Amino acid sequence: MTKQPFLKTLMTVIISFLFITPNTQAQSLKINPKASSMTIYGTTNVHDFKTNVQQIKGELVINSAKKVQSANIEIPVHSIKSGEKLMDNKTYEAFNDVKYPNILFSLVDLTSLQINGDDISAVVNGNLTMAGVTRKISFKTSGKNTKPGVYVFKGSVALKMTDYKMKPPTAMLGVMKVGDAITLKYDVTFE
């Protein structure tokens, strides 16, 4: 075999390999904070309340087989705002914000995953860290692949502050007491 046909054959094989081999890199998607929202709902012995999360950071990594490889979310405690300074300060104290300034969520796995066209539903299992305490949580989510590389997920998570060794806030010398149970509703866009 002469050198010229061998090199030509080798180049053909290399070029074919480059164009036929699937992309094995993972796709990393970030939360779009302008297209995302989180709201915390709770009760007191006086009235119900809601607070908004004004800053959300996070990343969703999808591997080459279109499976979720990892997901992480970070919420600065000081981005939780009710519009009432006293309530916000009591919230930050409950989180022990000086020592634990962030709420963290890390995906462990997805179960009951169903994909129907662009619609997605699953049970999310992960570790949630609040006020320095980490607990495993599970919750249902529904999502949609709205366009290539853009995923929107919605749902709610019921939590108890005491599960994280947090003392539900009180105000007005203990007259107003916040209930232990809260619900976090989210609408998060990864792109």
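Relative contact order of the range 65-120: what whole-number percent is it, with Cα pairs under 8 angstrom and at least 6 residues apart? Before the final figure, lay out the partial values.
Details: 37 pairs, mean separation 24.8, N = 56.
Here the relative contact order equals 44 percent.
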- prompt: To the nearest 10 degrees, how steeply does helix 85-94 sit against the main Cα axis of the chain, on a 0 to 90 scale?
  reply: 70
message: Report the Cα centroid-to-centroid distance between the range 120-191 and the range 36-59 in angstrom, as an integer.
response: 9
- prompt: Counting Lys +1, Arg +1, Asp -1, Glu -1, what net charge surrounds residue 190 among other residues with beta carbon under 10 Å of its beta carbon?
  reply: -1
query: With respect to the cross-link table entries 57/185; 67/165; 50/154; 34/147; 99/154, which display a Cα-Cα separation exceeding 26 Å?
result: 67/165; 99/154
task: Determine the gain in length on full extension of the stretch residue 134-residue 111; use 0.36 nm per residue of separation and subtract their C-alpha separation, reporting nm with one decimal.
output: 6.2 nm
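So what's the convex hull volume per residue for the Cα atoms of the chain, in Å³?
Details: hull volume 30.6 nm³, N = 191.
Cα-based convex hull of the chain, divided per residue, equals 160 Å³.
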message: Please compute the per residue accessible area over the range 119-191 with all protein chains in place, 1.4 Å probe, rounded to a whole number of Å².
response: 52
field: Amide N proximity, the range 68-102 versus residue 180 label position 7 Å along Cα-to-Cβ, cut-off under 12 Å
entry: none
- request: Compute the acute angle (0 to 90°) between the alpha-carbon long axis of helix 3-20 and the principal axis of greatest extent of the alpha-carbon atoms of the chain; round to the nearest 10°.
  value: 30
message: Within 12 Å, Cβ to Cβ, of residue 72, how many net charges do the neighbouring residues add up to if Lys/Arg are +1 and Asp/Glu are -1?
response: 0
task: Using a 1.4 Å probe over the heavy atoms of the protein chains, calculate the carbon and sulfur portion of the accessible area of the chain as a whole percent.
output: 56
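Just to be sure I understand: if I project the alpha-carbon convex hull of the range 78-191 onto a plane and average over all orientations, what area do I get in nm²? Mind showing how you got there, number by number?
On the way: hull surface 33.0 nm².
Its average projected convex-hull area is 8.2 nm².
The values are calculated or read from the model by the stated rules, or taken from the named source; none is laboratory data. Everything numeric here is computed off the predicted structure, so don't read it as measured data. With ideal geometry, Cβ positions are generated from the backbone for all residues, glycine too; neighbour counts draw on all protein chains shown. The area values use the complete protein model at the heavy-atom level, side chains included, leaving out ligands, DNA and RNA. Shrake-Rupley method; radii C 1.70, N 1.55, O 1.52, S 1.80 Å.
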